[in-house]
Structure formats: C-alpha cells, structure tokens
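Here the structure comes first, spelled out in structure tokens, and everything after it is commentary.
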Amino acid sequence: MSATTVARIEAWDAAAFDARVRDVMEIYVAAMGYPASAANQRGRAAHGQATFPGFTARGAYDATGRLVGFCYGYRSEQGQWWHELVRKAVDEPTADEWLVDAFELSEFHVRPDAQARGIGRSLLVSLADGLPHRTMMLSTPDADTRAMRLYRRFGFQDLARDHFFPGEARPFAILGRCLPLDAAP
C-alpha cells in the first residue's frame with residue numbers, strides 16, 4: 001500500500017477531533033491554498049463547531065500512520081453562521097427544502113500530495129454512512145476542482161453558485177444532496 005492510499009478511516013468525536021486540530025488545520029490551509037496564519041483562526045472556529053449538535057468527524061490515515069485527510073460536520077440549525085448565510089443566498093423554497101433536517105459538511109480536505117487516490121471518496125462515504133439527516137449540504141470553491149468533481153460524482157446539485165462568503169475573495173458554490181449517500185461512484 002503506498003503512502004497516499006487510505007489504510008484506515010477513523011471516526012472522531014469532539015474530543016478526538018480537538019486533539020488533532022493542529023494537524024487538521026495544517027491540511028486545511030494546504031488544501032485551500034490559505035496562508036499558514038489562517039490555521040489558528042480556523043482552528044478556533046472548528047473547536048466551537050465541535051460542540052454543535054450532531055457533530056461527527058473522520059480522519060484518513062495512510063499506511064505510515066500519517067493523517068492525509070479529514071472531514072467533519074453537524075446538524076445545520078438556525079443561528080449558525082453558515083446556515084444563516086446560506087438561507088440568505090438561496091430563495092425561500094430552496095431554503096425550506098434543503099435546510100430542514102440538514103447535515104452541514106463543514107470541512108472536508110485531503111492533503112494536496114494525497115489527492116486523486118480515493119481518500120476523499122472514502123472519507124465522504126464513511127462520514128455519510130448512517131447519518132440521520134434528510135440532506136447533506138456544503139460549500140466549495142466555485143471552480144472545476146477535484147472536490148467539485150467528487151461532489152458531482154456523488155450527485156450533489158447546485159443550490160447557489162458564485163456566492164461570496166464574508167472574508168473570501170473567491171466565489172463559492174453551495175451544493176446539496178439527499179441522503180443516504182450512495183457509495184458507488
């Protein structure tokens with residue numbers, strides 16, 4: 001098994017996630033192309049999100065035991081930053097259909113040197129397996145990226161495109177998918 005192939009996916013609760021937040025944020029800034037300084041701010045936000053109802057996370061490790069990817073999310077609820085911004089970004093019928101009983105896939109990243117090897121697919125399938133929600137929603141840079149192509153293979157659909165979140169210079173797409181998630185693509 002090569003160093004960039006998934007050896008195991010590990011389920012994390014909030015405490016396990018918090019114990020790995022530095023490593024997770026290192027992957028986050030590398031995958032998103034952000035400066036290293038963004039890791040501290042995002043890490044604080046992630047720590048707070050780990051307290052949200054329904055929080056669940058996964059980590060992907062290669063054969064050497066190196067963390068190569070992660071994802072996490074929680075039940076999307078009124079009053080949460082992303083939930084409220086998405087509600088404003090889409091029309092009312094779309095918000096009513098998608099934001100009720102939704103799981104927000106808050107962060108989902110794979111180290112750039114480990115991408116395109118099935119790690120993201122394995123993480124997404126593991127995280128979605130058994131979620132009690134009706135839908136899964138996320139936002140991703142609005143471009144032809146590996147992440148966008150993965151979401152398309154899993155049947156995620158556009159809810160909004162060319163959306164700018166506060167503090168972001170690039171546009172994002174807001175995507176949604178009814179659950180359960182098929183493991184086939």
Over the stretch 1-95, volume per residue of the alpha carbon convex hull, in Å³: 127
- line: Given backbone amide H placed at 1.01 Å from N, residues whose amide H is under 5 Å from that of residue 154, ignoring those fewer than 5 places away on the same chain, are none
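Assigning unit charges at the beta carbon (Lys, Arg +1; Asp, Glu -1) and nothing else, what dipole magnitude in debye, to the nearest 20, does the chain show about its Cα centre?
Charge dipole, the chain, about its Cα centre: 580 debye, nearest 20.
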message: In the stretch 43-67, whose amide N lies under 15 Å from the spot 7 Å out along Cα-to-Cβ of residue 10? List them in ranges.
response: 57-67
statement: Residue-normalised value, i.e. accessible area per residue, for the chain at 1.4 Å probe, in Å², stands at 48
query: Over the chain, what percent of the accessible surface lies on carbon and sulfur atoms, probe 1.4 Å?
result: 51
message: Tell me which DSSP H helices of the chain clear both cut-offs, 15 Å or more of axial length from alpha-carbon atoms and a mean Kyte-Doolittle hydropathy of at least 0.5.
response: 21-32
message: Could you give the length gained by full extension between residue 78 and residue 20, i.e. 0.36 nm per residue of separation minus their alpha carbon distance, to one decimal place?
response: 18.1 nm
message: If N is the number of residues in the chain, what value comes out of its Cα radius of gyration divided by 2.2 N^0.38 Å?
response: 0.97
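Could you order 26, 84, 107 so the one with the most accessible surface comes first? Probe is 1.4 Å.
Accessible-area ranking of 26, 84, 107, largest first: 26, 84, 107.
The values are calculated or read from the model by the stated rules, or taken from the named source; none is laboratory data. Not measured: the values here are computed from a predicted model. Every residue, glycine among them, receives a Cβ derived from its backbone with ideal geometry; neighbour counts consider all protein chains shown. SASA here: full protein model, heavy atoms, side chains in, ligands and nucleic acids out. Shrake-Rupley method; radii C 1.70, N 1.55, O 1.52, S 1.80 Å.
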